[in-house]
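Okay, structure first, notes after.
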Ligand code: PA5
């Protein structure tokens, strides 16, 4: 399916929100991917945002994947209406049908009804897997495959993690260890966990992680607040707080041992900026030294640090890390005494929106 869509599309619109959006975006931002260019729609209700995507794709060949497990999410359904209409006007109903993929629950929901009636290709999100835990299902895999990511390698990485973190012995199991450490820190008043990374391509992985832990743990008046920081960028905005602010934060750093690309610092004859002592060294080397220096300083300042080291940025590592976090999150929820798989609080705002819109 991905090959078919790639061959007929210069650009591709992936429509979804929350668990039906963040996983695929995390993968696409993190991993090198090929054409077509991917736009993400249906993840907000901004007309300005939507119009800018429409302006960018209108004169190009494009296809759409609409992802909604419930099939009734307002943001997703509204955006899909718009792109479906554009596709049908541009290509006619029959060709539009070939350019629309629906990813949804196998047994119920408005999206399933539409997809069946219109004859769209359908991929199922298994009924027993909640949105934020669905990265390793078609909810994210379809968009990732269209982007040219080798999803078999992603699943292999996850499978490796499944075996690696199956050991019930806590001290042999890094995944449980992470859950327990978070829980101990929470009990000591560290109510904010900030996921820190040194690679900007990990930004959306962070956002996916934030949803995973935020929605899974934040209930019954409990839960660690999951925050995100990008170093060294945010050291110039949040460094002061981390060093000397309220002592209720701990850091979880994702450290990449071998980032895929690098740049060498050039030698310049006049050395007016005084940086020739770094000539010949690489940016990744300096990034690593920054990691060490910051870690030392923050530990001295009383900020506990958990380091998660991953060898590289590739499909395998992505799959492994996703599985690691999903399992750690479930374990964390149970340690906290909450159900990590429900999200009763999300329903209330949806009800209010529908009431105000006079559905
Ligand atoms: O984790 C969750 O359950 C949510 O973030 C959902 O994924 C999000 O609300 C989108 O739901 P749906 O896939 O039903 O459109």
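Read the figures in this text as sums done on the coordinates, not as results from a lab. On a predicted model such as this, the values are computed, not experimentally measured, just so you know. Virtual Cβ from ideal backbone geometry, glycine too; neighbours counted across all protein chains shown.
Overview of results
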read-out: Square roots of 5 times each gyration tensor eigenvalue, C-alpha, segment 91-146, largest first, Å; value: 22, 14, 6
read-out: Theoretical gain in end-to-end length, residue 232 to residue 246 [0.36 nm per residue, Cα-Cα removed]; value: 3.0 nm
read-out: Folded to 0 to 90 degrees: helix 283-300 orientation relative to the chain principal axis, Cα; value: 70
read-out: Crossing angle, helix 47-57 versus the chain [Cα axis fit, 0-90 degrees, rounded to tens]; value: 80
read-out: Highest average packing first - 6-15, 341-350, Cβ atoms within 10 Å; value: 6-15, 341-350
read-out: Burial ordering of 143, 137, 1, fewest other beta-carbon atoms within 10 Å first; value: 1, 137, 143
read-out: Exposure proxy order (Cβ contacts within 10 Å, fewest to most) of 312, 332; value: 312, 332
read-out: Per-residue Cβ neighbour rank within 10 angstrom, fewest leading, 152, 132; value: 152, 132
read-out: Antiparallel DSSP beta bridges within the chain, as percent of all bridges there, nearest 5; value: 5
read-out: Mean-position separation - Cα centroids, segment 267-293 and segment 159-210, in angstrom; value: 32
read-out: FRET efficiency for residue 49 and residue 277, using Cβ-Cβ distance with R0 set to 51 Å, rounded to 0.05; value: 0.65
read-out: Rough spin-label spacing in nm, given labels placed 7 Å along Cα→Cβ, for residue 290 and residue 353; value: 3.6
read-out: Principal axis dimensions, the chain - Cα atoms, whole angstrom, descending; value: 63, 58, 42
read-out: Fraction in percent of alpha-carbon pairs per bin - 10 Å, segment 284-359; value: 14, 22, 28, 22, 12, 3
read-out: Using alpha-carbon coordinates, inclination of helix 203-217 to the longest axis of the chain, degrees; value: 80
